[in-house]
1. Could you check the stretch 43-54 and list, in sequence order, the residues that are open to solvent by less than 80 Å² (accessible area, probe 1.4 Å) and under 15 Å from ASP8 (Cα atoms)?
2. Quick check: is even one residue across the stretch 7-30 modelled with pLDDT under 85, open to solvent by less than 90 Å² (accessible area, probe 1.4 Å) and out of contact with any Lys or Arg (no Cβ under 6 Å at 6 or more places or on another chain)?
3. Restricting attention to the stretch 37-55, does a residue exist that is in contact with a Phe, Trp or Tyr (Cβ under 9 Å, 6 or more places away or on another chain) and either at pLDDT below 90 or over 30 Å from LEU16 (Cβ atoms) (or both)?
4. Checking LEU68 against (1) open to solvent by 100 Å² or more (accessible area, probe 1.4 Å); (2) more than 30 Å from LEU89 (Cβ to Cβ); (3) not small (Gly, Ala, Ser), which single condition isn't satisfied?
5. Does THR80 meet the test of being open to solvent by 100 Å² or more (accessible area, probe 1.4 Å) and either basic (Lys, Arg) or at pLDDT below 80 (or both)?
6. Cβ-Cβ below 7 Å, separation at least six or inter-chain, first residue in the stretch 1-23 and free of Cβ contacts under 8 Å to residues at least 12 places away in the same chain, second assigned to a loop (DSSP other than H, G, I, E, B): which pairs?
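The values are calculated or read from the model by the stated rules, or taken from the named source; none is laboratory data. Just so we're clear, the structure is a prediction, and the values are computed from it rather than from any experiment. Here the Cβ positions follow ideal geometry from the backbone for every residue, glycine too, while neighbour counts run over all protein chains shown. Note: accessible area is taken over every heavy atom of the protein model, side chains too, but ligands, DNA and RNA are not part of it. Shrake-Rupley method; radii C 1.70, N 1.55, O 1.52, S 1.80 Å.
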Amino acid sequence: SIASADMDLNQLEAFLTAQTKKQGGITSDQAAVIAKFWKNHRTQIHESLINQTRWDNVFKNMNWRVDLKAQLRHVDQINTPVAIVEMELGKNGQ
């Protein structure tokens, strides 16, 4: 919960206080250890989570255009815009 919310020190303190008051929760000593660990390793933990959830693919290129239909059997479909989008993805580092 701490890592996924990327809690700041105030949020962390409130969260750990709530966990110590909860029945079957953590002790105040455990809360102190967790707080110290989070303060020292917050950046590395956050970066690790981002790297684990990032796609391997990277966005390389995009082409797009909008076409208007000028002649159709049904008059109500004339000048109806159609968007065509082409996206190119590639592996990270390639």
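1. Taking the stretch 43-54 as the starting set, the residues that turn out to be open to solvent by less than 80 Å² (accessible area, probe 1.4 Å) are 45-46, 48-50.
Those that are open to solvent by less than 80 Å² (accessible area, probe 1.4 Å) and under 15 Å from ASP8 (Cα atoms): ILE45, HIS46.
2. Looking for residues that are modelled with pLDDT under 85, open to solvent by less than 90 Å² (accessible area, probe 1.4 Å) and out of contact with any Lys or Arg (no Cβ under 6 Å at 6 or more places or on another chain), one finds none in the stretch 7-30, hence no.
3. The first filter runs over the stretch 37-55 and keeps only residues in contact with a Phe, Trp or Tyr (Cβ under 9 Å, 6 or more places away or on another chain), leaving 45.
Remaining after also requiring either at pLDDT below 90 or over 30 Å from LEU16 (Cβ atoms) (or both): none.
No, the stretch 37-55 has no match at all.
4. The one condition LEU68 does not meet is (2).
5. Values: open to solvent by 100 Å² or more (accessible area, probe 1.4 Å): no; either basic (Lys, Arg) or at pLDDT below 80 (or both): yes.
No; evaluated as a whole, the condition is false for this residue.
6. THR20/ILE26; THR20/THR27
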